[in-house]
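Colleague: Right, I'll just put the structure down here and ask away after.
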Amino acid sequence: MGGIVTFIPIILMIVLFYFLLIRPQQKRQKEVQNMQSSLAKGDKIITIGGLHGIVEAIEDGTVILKCGNNKLTFDRNAVRTVLEKGDAVSTPVVAETTSDDAEVTEENK
């Protein structure tokens, strides 16, 4: 009976460490892994090095980012944050012209 009582504080510390340290870390790792596996073309991301870019293409373990006029290749694990999910099919934005705009352009000719 005396031996079991001496192990109770050790068992409580192990349970406390599990719920305060191990379990939250496993949740964070699972979230990061899901985020990295759900990357898509057009996503705006930040790498672990602080580089901001847009996903140009995705291969097995790599991601090609477009940063300005440059294209850079990174490991998929280097993605830290997805800022904005991009559309896989992007539609061009067309500005609507009114009849007033058409008259102004005709007068300037």
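The values are calculated or read from the model by the stated rules, or taken from the named source; none is laboratory data. Given the structure is predicted, the values throughout are model-derived calculations rather than measurements. Cβ coordinates were reconstructed from backbone atoms using ideal geometry, including for glycine residues, and neighbour counts include every protein chain displayed. Quick note on the areas: whole protein, heavy atoms, side chains included, nothing else; ligands and nucleic acids left out. Shrake-Rupley method; radii C 1.70, N 1.55, O 1.52, S 1.80 Å.
Colleague: Heavy atoms only, probe 1.4 angstrom, no DNA, RNA or ligands counted: give me 84, 31 ranked by accessible area, highest first.
Modeller: Of 84, 31, the descending order of accessible area is 31, 84.
Colleague: Using the basic label-point model (7 angstrom from Cα toward the beta carbon), what is the residue 12 to residue 48 distance in nanometres?
Modeller: 3.8 nm
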